[in-house]
Amino acid sequence: MPTNCAAAGCATTYNKHINISFHRFPLDPKRRKEWVRLVRRKNFVPGKHTFLCSKHFEASCFDLTGQTRRLKMDAVPTIFDFCTHIKSMKLKSRNLLKKNNSCTPAGPSNLKSNISSQQVLLEHSYAFRNPMEAKKRIIKLEKEIASLRRKMKTCLQKERRATRRWIKATCLVKNLEANNMLPKGTSEHVLPTALSNLPLEDFKIVEHNQQDKTLPIL
């Protein structure tokens, strides 16, 4: 008595209350080989108790002249739902892969996850693998900040010295002009407009303040 269908993905089982018949694989080698080919199951070898249900045969394959539904001599199974079988196989493979990834700490199965982690680290430069790496990065940044502060202090010192030179030169030109040692209007041609228009007293005050002023500590 048949119990279930041998077709891949078919869940039909024998039930006398359902109008579905079961049929053995033919004994003729050629027809048997053709049935096996159409079933498309890998390394499948049917036995004498291997059956296919009537769902996999077209209506023209049956001989209904007698009381029992029988297959014709040239009947072959042509109706299969291989898509459902393939989907179920893919789902099982995915579940098995997830299980292996969760149980295996290292190996080829973790290669994809390792590559994904490396891509995240490359895309997000602020992500560190461990606290020591983060500490090294912080120390490096602190050194860079200290170096930039020294450079900024040097630039401020150069700017202050250049300002003092301009003030001294302006005072000298205006003094010579005031003592008639230089022609009137010389400061307008020698000095920038912003400096030549200021009175000499203002430059003296600025020069005095520049001498007393100290550089800020960074």
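Can you spot a residue in the range 79-99 that is at pLDDT 80 or above and assigned to a loop (DSSP other than H, G, I, E, B)?
Applying the first criterion (at pLDDT 80 or above) to the range 79-99 yields 79-80.
Checking the rest, the ones that are also assigned to a loop (DSSP other than H, G, I, E, B) come to 79-80.
Within the range 79-99, one or more residues are at pLDDT 80 or above and assigned to a loop (DSSP other than H, G, I, E, B).
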Subject >> Conditions (1) surrounded by 11 or more Cβ atoms within 10 Å (Cβ to Cβ); (2) modelled with pLDDT under 80: number failed by Leu156 >> reply: (2)
**OP:** Take the range 14-70 and flag every residue that is open to solvent by 80 Å² or more (accessible area, probe 1.4 Å) and within 48 Å of the chain's Cα centre (by Cα).
**Re:** Arg37, Arg40, Arg41, Lys42, Asn43, Val45, Lys55
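The values are calculated or read from the model by the stated rules, or taken from the named source; none is laboratory data. Please read all numbers here as calculations on a predicted model, not as lab measurements. Reconstructed Cβ throughout: ideal geometry from the backbone, glycine too, with neighbour counts over all protein chains shown. Side chains included, ligands, DNA and RNA excluded: accessible areas come from the protein's heavy atoms. Shrake-Rupley method; radii C 1.70, N 1.55, O 1.52, S 1.80 Å.
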